[in-house]
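Here the structure comes first, spelled out in structure tokens, and everything after it is commentary.
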């Protein structure tokens, strides 16, 4: 579903990704782990089409299409979802209005009829209940005054409503206590499907206790230096990233 080959990316004239290659099949959940500055968030933002990132070499193809040549809105229409490490606050825009607009934009792109207010409310309530969220949160301005756990639950709610083909979750565990982590992980796990791929970006092994990946990649210095099963995350937990500092293994 997602094939990245020899990707080089610079930010402000500084090269961050230095030949990253990664293949993520449909139905798979892969984790990317790495220390600060290794290029994890850069990878997420490049896939989503965020401005300010210059691709100098390499390719990224999604569902057979050249992803790097598409604007961000076209990538979203294709079914790519980015969960931010620090979700943006938007004063004056209610969470419900934002979610309804996002869902109907996707439906319109697919040639499906848009949901009216009552139809959307029914769907929204079902997903909110499944995540154990307070329905009143949907009436509040988007992410304004939300706790870290509320912001991440809200992102998983967006994920559940939009049902993307590719979900890139950038440090979803950031700022979560254990209860919020379990709730968010349960929401992500419920969305695992044969036609959906997920890329989980994280510093820590603890998230992967609850979202067990099919494959783990270690990103260091802008390249994948090791790939394997969940045992890699366990080695990182015991020994830190120094264990892979001089290792270069296949990222296939």
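The values are calculated or read from the model by the stated rules, or taken from the named source; none is laboratory data. No experiment lies behind these values; they were computed from the predicted model shown. Note that we place each Cβ from the backbone using ideal geometry, even for glycine, and neighbour counts take in every protein chain shown.
Key figures for this structure:
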| item | result |
| --- | --- |
| Conditions (1) at pLDDT 85 or above; (2) farther than 23 Å from residue 46 by Cα: number failed by residue 247 | (1) |
| Pair list, Cβ under 7 Å, 6 or more apart: segment 180-191 residue free of Cβ contacts under 8 Å to residues at least 12 places away in the same chain and assigned by TED's automatic domain parsing to the domain that holds residue 128, other residue crowded, with 20+ Cβ neighbours inside 10 Å and part of a helix (DSSP H, G or I) | none |
| Enumeration of residues in segment 209-242 that are within 18 Å of the chain's Cα centre (by Cα), in a loop (DSSP other than H, G, I, E, B) and surrounded by fewer than 20 Cβ atoms within 10 Å (Cβ to Cβ) | 212, 214 |
| Subset of segment 101-131 that is in contact with a helix residue (DSSP H, G or I) (Cβ under 8 Å, 6 or more places away or on another chain) and outside any helix (DSSP H, G or I) - its residue that is nearest to residue 150 (Cα to Cα) | 115 |
| Strands (runs of 3 or more DSSP E) (entirely within segment 1-70) containing at least 3 residues that are within 27 Å of residue 185 (Cα to Cα) and in contact with a helix residue (DSSP H, G or I) (Cβ under 9 Å, 6 or more places away or on another chain) | 29-33 |
| Count - residues of segment 77-87 that are at pLDDT below 90 and under 20 Å from residue 124 (Cβ atoms) | 2 |
| Test: residue 167 is loosely packed, with under 15 Cβ neighbours inside 10 Å and touching a helix residue (DSSP H, G or I) at 6+ places or on another chain (Cβ under 9 Å) | no |
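A quick yes/no check of all residues on (1) surrounded by 15 or more Cβ atoms within 10 Å (Cβ to Cβ); (2) within 24 Å of residue 201 (Cα to Cα):
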site: 74; (1), (2): no, yes
site: 91; (1), (2): no, no
site: 95; (1), (2): yes, no
site: 117; (1), (2): no, no
